[in-house]
1. Please specify each residue of region 97-115 satisfying the condition of being buried (at least 17 other Cβ atoms within 10 Å of the Cβ) and out of contact with any Leu (no Cβ under 9 Å at 6 or more places or on another chain).
2. With (1) in a strand (DSSP E or B); (2) surrounded by 19 or more Cβ atoms within 10 Å (Cβ to Cβ) as the list, and ASN392 as the residue in question, which single condition is left unmet?
3. Quick one: how many residues across region 165-193 are crowded, with 17+ Cβ neighbours inside 10 Å and at pLDDT below 90?
4. Say we look at region 346-367 and pick out the residues that are among the charged types (D, E, K, R) and assigned to a loop (DSSP other than H, G, I, E, B); which of these is nearest to LEU272 (Cα to Cα)?
5. What single numbered condition from (1) within 23 Å of SER355 (Cβ to Cβ); (2) in contact with a helix residue (DSSP H, G or I) (Cβ under 7 Å, 6 or more places away or on another chain); (3) of a type outside the set (Gly, Ala, Ser); (4) modelled with pLDDT of 85 or more fails to hold for CYS291?
6. Considering only region 227-271, state which residues are more than 15 Å from the chain's Cα centre (by Cα) and of a type in the set (Ser, Thr, Tyr).
7. Out of the residues in region 1-25 that are assigned to a loop (DSSP other than H, G, I, E, B) and under 15 Å from GLY73 (Cα atoms), state the one that is modelled with the highest pLDDT.
8. Does any residue of region 312-321 turn out to be at pLDDT 90 or above and under 21 Å from ASN261 (Cβ atoms)?
Amino acid sequence: MLSKYCNWKLSSLAGSYCQNMRGPRQESNGPAGTGDQSGMPATDCAQAAIFVEVCTGMMATGLRMGPFNSHPGQWHFFWTEALQSLLLPGKCITQYGGKVIHADTKEPIGFPPIHMHHLHIQLMRDKGGWDGSQSHWWETHGDFSNGPDWGIGALSTEGYNKHVTSGYCVTVGEETKIAWAVLNDVRIVEGNDKLNKSLPCFLEVVFGLSSPNVTYKAASLFWLNNPWHNGDVYGRYLVGSSEEVLWWSGHIPIDGETLANPWLHTHRARYLGMLLFSENADNILYQVGGCSSLRISTFPTPYTHIAEKGATHSYRILKKVNRSLICADFSEAPSAIHIGGSDGIPDGFYDRTFSAVRCQRWEFKAGSQFSVFAFHAPRWSMSTKDFPMHFNLFFWVDAFDEISHDATLNPAISRYAPQRFGLCPSPLSHPSGNPGNFYFGHRIVWSSLLTCFFVLCLLVSCLRHTHAQKYTGVPMSSLTSTSAAPSFLHDLAMAIDEFI
């Protein structure tokens, strides 16, 4: 635990907090208790001051906000700029941990009962473009839980920690740094017993710092975000209750190469898998024979593709495009644990990251193309026809610079980001960009024409060789007497010979 490097003390730094019984609309990652359909604003409560404790130490820095009491069904909202006084320019971050801890025992509290709806460490910048304000500089989400346990002291909260690739660290600049979070207590409110189930908590955010005796390289963050559905305020898109495939493409803004430890935030109730390629999506589809080979149809909106033979079928076909495949993740089993109802916890599924995104090294240039294929299937919350989804893929890169950068490949602020979901290209038109394996791919028409041309050229060459040797006593008809087809080819070849 990072907090073991901390000496905690109460500070005069400012933080704000409020709580209510409502939360963000349809952001459910588990049973009904983890999300809300009311549509009320996420911060529809009066903010009040909250105590901020700070971590001091050579190897770590951070803060705790609280204590606060959590009751079944409550939502909690936090905001502070206190990190501005802790993460000073010149420091370099090697790891991060953001979670809720028990106020008395200081043990982490898993999901359930506390759902980390989101905890974001955000950089605020005036400039726009790909290196503009970054709302996901560091983050925790409920689906980062990794393991079967839950409750107080849950080891699954280790998934809330993020480690920079060994030998690298993230340099700290002068930008304003904001920590803000939304949490919810998924326990069921049972009559007048609510106050008897109060859970004393702190919100804790800790950063591991580089050792002063070790030389590090600067790691940069890439966030490959999905296109947005009609300007959705939470940056989501909708999927249905059937198996579906979606894709989008974009461009990389700078030179660099990928490092280890990628991670993904999504809503596991509809997530099945993903593929990341280093070329345009139309090229990928062209290589596998188009949408017809995937057996997909567009319905009911231009960005939703129903997988008629199942998303697993589509995944297996697309994964065969090995020459440009960068990352893959797939799990036919739900990425969740099931709890049958215990200690006020509702019966249902709860998000987990059981599968790991696996990536190979990728060296890219500014302007390099990428494409993401996302695969969806209903896992739970079956009755929700239009399920709001996130697909946020993060990975560390070496940008060959002494300071860290962060590319938010997000359609709201970046011209490098995907602007729309992909559509099925015309099966006879070649996509723009590099066609890749021209002959040995799935270009059936062109491959057939080229094959015929090569065969005819070979036949003409053989006939010329025969004439040059001036064979006698062997009628030409005897060379082509086995069938009518060779005779036809002989006549055609002689005609071509006369022509050329």
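The values are calculated or read from the model by the stated rules, or taken from the named source; none is laboratory data. These numbers come from a predicted model, not from an experiment. FYI the Cβ positions are ideal-geometry reconstructions off the backbone, even for glycines, and counts take in every protein chain you see.
1. Within region 97-115, PHE111, PRO112 qualify.
2. ASN392 satisfies every listed condition except (2).
3. Looking only at that region, the number is 2.
4. Step by step, filter region 346-367, then rank; the result is ARG352.
5. Against the list (1) within 23 Å of SER355 (Cβ to Cβ); (2) in contact with a helix residue (DSSP H, G or I) (Cβ under 7 Å, 6 or more places away or on another chain); (3) of a type outside the set (Gly, Ala, Ser); (4) modelled with pLDDT of 85 or more, CYS291 comes up short only on (1).
6. Matches in region 227-271: TYR234, SER241, SER242.
7. If we take residues in region 1-25 being assigned to a loop (DSSP other than H, G, I, E, B) and under 15 Å from GLY73 (Cα atoms), then MET21 is modelled with the highest pLDDT.
8. no
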